[in-house]
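Structure first, commentary second.
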Amino acid sequence: MKNAAPFGLAGCCALGAVGCFRSLPAESPPAASAAFPRPGPGEFSVMTFNLNQYALLDRDGNADTLEPKPPEEAGSIVEVIRQVSPDVLAVQEMGDPAAWAEFKYSLRQAGLDYGHEEYLRRGKSVLNMAVLSRFPIVATNSHVDDVYTIGPTKFPVMRGIIEIDLEIHPQYRLRLMVAHLKSKVFHSFGQAEMRRAEARLLNNRVRDALADAGVNLLVVGDFNDDPSSATLRDIATYKRQRILHDLRPMDAVGDAWTHRENNDAYHRIDYMLASAGLLPEVVPEKTYVVRSPLLLRASDHRPLVATFVAAERGTETAPDLSQRLPPEIPQND
C-alpha cells in the first residue's frame, strides 16, 4: 500500500537513505550465523528484544551501590544481536542514559553501528524502551502523556509508546510502534486491569495510525500476556474486527515461546503484529524467534525477528498466517 506524508515535526530526511538500503550497503555487515537468515537484496529486518534489566541495579543486596548487568550477560546479549545483525533493533528494559550509551558502544565494538535512534525514558525508570536503526527516522511521535482511569484514580501508561517513521528508501516507509505493557506483578489496583487499560490506549494509537490507509505499520514489544488473552484482543482488534496480524515467529524446531520463568514455565508474551498493508511484504521463512544457548542466563526473553520486502505488494502475496499455528492437540490426562 502507498505511503503518505510523515506525521509530526520531522521532515523527510532522504540523505543517506538509499545508502542504508540493503541493495546499496554502506559497509559489509558482520558475518552471518547459519541459524539466523539474513535479509536479501531489497529486504530489511526488524528485531524486538527484552534485555532483562540492562541497567544499574542493586544486584548484590547492598542498596548503597548499584551494579551494571553482569559482563557475561551483557556480552551474550550483544553477541546474539551481532549474529542476527538486524537492520532495526527495538529493545525493552533499557536502563538510564549511561546504560544506553554503554549498550550502543558495545554494539559498535561488535561491528554494529546504527546511525539513527529513539530513546524513550519515563522519569528515572530503569525499564525504558529504545530503537536503533540503519535507516533514517524521518518522523517521531512517541507518546508519554496517555492516561487511563481505574475508579477515581488516574494512571499514566507506565513506559509510554514509541512511534516513529523509518524511511527504508525514498519509495518505502515503515511506521514502527514499540510498547512494554504492565507486568503480572501484583498491584493493589489490579495488574490485569491496568495491563488491559494500557492495551486499549495502544489500540487507540494503532487506529490513529491506520487512519492513513497507506501506512505500513509494525507493532512490537513485550505485552506481558498470552496470545488468547483479553490484552492481545484489545490490542489487535476493534469492534470484533482484526486490525493487526500476529506474525508468530518460530525457532528452527517450531517453538514460538518467548519468555522463560524460573519454574520451567514457558510463555509467548512478546509479539510482532503487522497491519494489513504491511502483511504482503512479510518474508515468513526469515521471520523467527532466536534460539541460542547464549540467552540462557542473559535474558528471560527470546528476541523476535521479522524480515520484509521493501516494496509495496498486493494482497495476493500476503502469507497465510494460519499455516504458522501449531496443530491442535486433544487435552487428555
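Return yes or no: is ILE243 within 14 Å of the chain's Cα centre (by Cα) and either over 14 Å from PRO326 (Cα atoms) or open to solvent by 10 Å² or more (accessible area, probe 1.4 Å) (or both)?
Considered against the rule, which asks whether it is within 14 Å of the chain's Cα centre (by Cα) and either over 14 Å from PRO326 (Cα atoms) or open to solvent by 10 Å² or more (accessible area, probe 1.4 Å) (or both), ILE243 comes out as no.
From the list GLU198, GLU163, which residue is among the charged types (D, E, K, R) and touching a helix residue (DSSP H, G or I) at 6+ places or on another chain (Cβ under 8 Å)?
Answer to the check: GLU163.
Could you list, in sequence order, the residues of the stretch 276-317 that are among the acidic types (Asp, Glu) and touching a residue at least 60 places away in the same chain (Cβ under 8 Å)?
Going residue by residue through the stretch 276-317, those that are among the acidic types (Asp, Glu) are 281, 285, 300, 312, 316.
Of everything in the stretch 276-317, those that are among the acidic types (Asp, Glu) and touching a residue at least 60 places away in the same chain (Cβ under 8 Å) turn out to be GLU281, GLU285, ASP300, GLU312.
Give ILE168, ILE162 a once-over and let me know the one that is in contact with a strand residue (DSSP E or B) (Cβ under 8 Å, 6 or more places away or on another chain), β-branched (Val, Ile, Thr), under 21 Å from VAL84 (Cα atoms) and touching a residue at least 60 places away in the same chain (Cβ under 8 Å).
ILE168
Somewhere in the stretch 205-228, is a residue assigned to a loop (DSSP other than H, G, I, E, B), in contact (Cβ under 8 Å) with a residue 24 or more places away in the chain and of a type in the set (A, V, I, L, M)?
Yes, the stretch 205-228 has at least one match.
Which residues, counting only those in the stretch 286-325, are open to solvent by 40 Å² or more (accessible area, probe 1.4 Å), modelled with pLDDT under 95 and small (Gly, Ala, Ser)?
SER322
Can you say whether ARG233 is charged (D, E, K, R), modelled with pLDDT of 95 or more, more than 19 Å from VAL80 (Cα to Cα) and surrounded by fewer than 19 Cβ atoms within 10 Å (Cβ to Cβ), as far as the supplied structure shows? Working first, answer last.
Numbers: charged (D, E, K, R): yes; modelled with pLDDT of 95 or more: yes; more than 19 Å from VAL80 (Cα to Cα): yes; surrounded by fewer than 19 Cβ atoms within 10 Å (Cβ to Cβ): yes.
Yes: the conditions hold for ARG233.
Could you say whether any residue in the stretch 214-227 is over 19 Å from the mean Cα position of the chain (by Cα), over 18 Å from PHE155 (Cβ atoms) and open to solvent by 40 Å² or more (accessible area, probe 1.4 Å)? Please lay out each step first, then the result.
Just the residues of the stretch 214-227 that are over 19 Å from the mean Cα position of the chain (by Cα), to begin with: 214.
Subset that is over 18 Å from PHE155 (Cβ atoms): 214.
Next, only the ones that are open to solvent by 40 Å² or more (accessible area, probe 1.4 Å) stay: none.
Among the residues of the stretch 214-227, not one is over 19 Å from the mean Cα position of the chain (by Cα), over 18 Å from PHE155 (Cβ atoms) and open to solvent by 40 Å² or more (accessible area, probe 1.4 Å), which makes the answer no.
How many residues does the stretch 184-194 hold that are touching a Ser or Thr at 6+ places or on another chain (Cβ under 9 Å) and open to solvent by less than 10 Å² (accessible area, probe 1.4 Å)? If you could, list the steps in order and put the result at the bottom.
To start, the set of residues in the stretch 184-194 that are touching a Ser or Thr at 6+ places or on another chain (Cβ under 9 Å) comprises 189, 191-192.
With the extra rule that they be open to solvent by less than 10 Å² (accessible area, probe 1.4 Å), the set shrinks to none.
Qualifying residue count, the stretch 184-194: 0.
Using the structure shown, decide if VAL78 is of a type outside the set (Lys, Arg), assigned to a loop (DSSP other than H, G, I, E, B) and surrounded by 14 or more Cβ atoms within 10 Å (Cβ to Cβ).
Judged against the criteria, VAL78 is not a match.
Given the stretch 116-183, what strands (runs of 3 or more DSSP E) lie entirely inside it while holding 2 or more residues that are at pLDDT below 95 and surrounded by fewer than 19 Cβ atoms within 10 Å (Cβ to Cβ)?
147-150, 153-156
I'd like the full set of residues that are at positive phi and touching a residue at least 24 places away in the same chain (Cβ under 8 Å), limited to the stretch 52-100.
ASN52, GLN53, SER85, GLU93
Tally the residues that are touching a His at 6+ places or on another chain (Cβ under 9 Å) and not basic (Lys, Arg), restricting the search to the stretch 129-163.
Adding up the residues that qualify gives 13.
For the stretch 101-111, state whether one or more residues are closer than 19 Å to HIS180 by Cβ, without any contact (Cβ under 8 Å) to a residue 60 or more places away in the chain and surrounded by 22 or more Cβ atoms within 10 Å (Cβ to Cβ).
Yes, that holds for at least one residue.
Among all residue pairs at least 6 apart or on different chains, which show Cβ distances below 9 Å where the first residue, located in the stretch 318-333, is touching a residue at least 12 places away in the same chain (Cβ under 8 Å) and closer than 13 Å to LEU247 by Cα and the second is surrounded by 10 or more Cβ atoms within 10 Å (Cβ to Cβ) and of a type in the set (Val, Ile, Thr)?
Filtered contacts from the stretch 318-333: ALA318/VAL282; PRO319/VAL282; PRO319/VAL283; PRO319/THR287; LEU321/VAL282; ARG324/THR287.
Can you tell me which residue is most open to solvent (accessible area, probe 1.4 Å) among those in the stretch 256-265 that are out of contact with any Lys or Arg (no Cβ under 6 Å at 6 or more places or on another chain) and at pLDDT 95 or above?
Of all residues in the stretch 256-265, those out of contact with any Lys or Arg (no Cβ under 6 Å at 6 or more places or on another chain) come to 259-265.
Narrowing the set further to residues that are at pLDDT 95 or above leaves 259-260.
On the way: HIS259: 27, ARG260: 54 Å².
Per the stated criteria, the residue is ARG260.
The values are calculated or read from the model by the stated rules, or taken from the named source; none is laboratory data. Predicted model, so just to flag it, every value in this text is computed and none were measured. All Cβ positions, glycine included, derive from the backbone under ideal geometry; neighbour counts span all protein chains shown. Calculation scope for accessible area: heavy atoms of the full protein, side chains included, ligands and nucleic acids excluded. Shrake-Rupley method; radii C 1.70, N 1.55, O 1.52, S 1.80 Å.
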